[in-house]
Amino acid sequence: MAAFKRHDGRLAGELRAVKVTPGFVRTADGSCLIELGGTRVICTASLVAGVPKWREAGGLGWVTAEYGMLPASTGQRKGRPGLRPDSRGLEIQRLIGRALRSVVRFEKVGLNTIYLDCDVLQADGGTRTAAITGAYVALCRAVGRYTADGICRAGAIKGAVAAVSVGMIDGRAVLDLDYEEDAAADVDMNVAMTGGGRFVEVQSTAEGAAFCEADLEKMLRLAKRGIRKLLAVQRLAIERRGRA
């Protein structure tokens, strides 16, 4: 039997070509450009002294995220948001923040807030998962600088985290959906997982048809396989020399 091939020639469990360029924004404390197939996201990390009021008494730092899509990122012009992102953007930036906070020791960050800004240059599916994967690289490179400068204490990052999309198309589990596949998928799932193999977030929706427990297990297996590969790409990007 011939191997299952997708419209772009990939196998069911194959990631799109992934590339992470660290130090992409030279003026940022930490940054990278992550490219996953046709999806491209700039991720930067910046430290601001102070934390939200409710955080001050505990003496703990904070990490938060902002996410946006540039006007031409989807082909047809997307209007710029006002002072607040639209509901989709707000949901995604909360997801990014939750995922990255899962690997931070806040007592070692001091009374500082680290902002992770994720800006989509080009969208072809999986922008939120690419943003999580890239934001981790930006965060680690920035925290490395803060630790060397005495702003953060050693060990502020306690592990790795990355994310990927999976889905069900025509009864088959597939990894890393591009836009065309995402639009046609019966089930769409986004998975964030730590380097230790523990899930941080699993978002799954039956778009065209409900799914069973066996389908869920297949998708999670694919997600874990893809995230392990992304974690390896992250490590190489974090270790590369460069200002940001």
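The values are calculated or read from the model by the stated rules, or taken from the named source; none is laboratory data. Everything quoted here is computed from the prediction, not taken from an experiment. FYI the Cβ positions are ideal-geometry reconstructions off the backbone, even for glycines, and counts take in every protein chain you see.
Residues that are in contact with a Pro (Cβ under 8 Å, 6 or more places away or on another chain) and modelled with pLDDT under 85 were ranked within the range 61-92; the one that is surrounded by the most Cβ atoms within 10 Å (Cβ to Cβ) is K78.
Within this structure, L95 passes the test of being among the aliphatic types (A, V, I, L, M), within 30 Å of D178 (Cβ to Cβ) and modelled with pLDDT of 95 or more. For the range 134-173, filtered to residues that are over 19 Å from V202 (Cβ atoms) and of a type in the set (V, I, T), the residue that is farthest from the chain's Cα centre (by Cα) is I151.
The requirement of being assigned to a helix (DSSP H, G or I), under 26 Å from V200 (Cβ atoms) and at pLDDT below 90 is not satisfied by G58.
The residue list R16, R26, R6 contains one member that is basic (K, R), over 30 Å from R105 (Cβ atoms) and either exposed (fewer than 11 other Cβ atoms within 10 Å of the Cβ) or touching a helix residue (DSSP H, G or I) at 6+ places or on another chain (Cβ under 8 Å) (or both), which is R6. Evaluated against (1) modelled with pLDDT under 95; (2) over 20 Å from T127 (Cβ atoms); (3) not in a loop (DSSP other than H, G, I, E, B), L47 falls short on exactly one condition, (1).
The rows are residues; the columns are (1) modelled with pLDDT under 95; (2) touching a strand residue (DSSP E or B) at 6+ places or on another chain (Cβ under 6 Å).
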residue: A173; (1), (2): no, no
residue: G196; (1), (2): no, no
residue: V200; (1), (2): no, yes
residue: S204; (1), (2): yes, yes
residue: A209; (1), (2): yes, no
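If you go through the range 201-242 and keep only what is within 23 Å of L100 (Cβ to Cβ) and of a type in the set (D, E), you end up with E201, E239. The set of residues in the range 144-157 being over 18 Å from L236 (Cβ atoms) and surrounded by 13 or more Cβ atoms within 10 Å (Cβ to Cβ) consists of R145, Y146, T147, I151, C152, R153, A156. Against the list (1) assigned to a helix (DSSP H, G or I); (2) over 28 Å from T27 (Cβ atoms); (3) in contact with a strand residue (DSSP E or B) (Cβ under 6 Å, 6 or more places away or on another chain), the condition E180 fails is (3). When the range 209-239 is filtered for residues that are outside any helix (DSSP H, G or I) and surrounded by 14 or more Cβ atoms within 10 Å (Cβ to Cβ), only F211 remains. Looking at the structure I just gave you, is L36 modelled with pLDDT of 95 or more, farther than 22 Å from Y115 by Cβ and within 13 Å of the chain's Cα centre (by Cα)? So L36 fits the description; yes.
Given the condition in a strand (DSSP E or B) and out of contact with any His (no Cβ under 6 Å at 6 or more places or on another chain), answer yes or no: does some residue in the range 146-153 qualify?
Looking for residues that are in a strand (DSSP E or B) and out of contact with any His (no Cβ under 6 Å at 6 or more places or on another chain), one finds none in the range 146-153, hence no.
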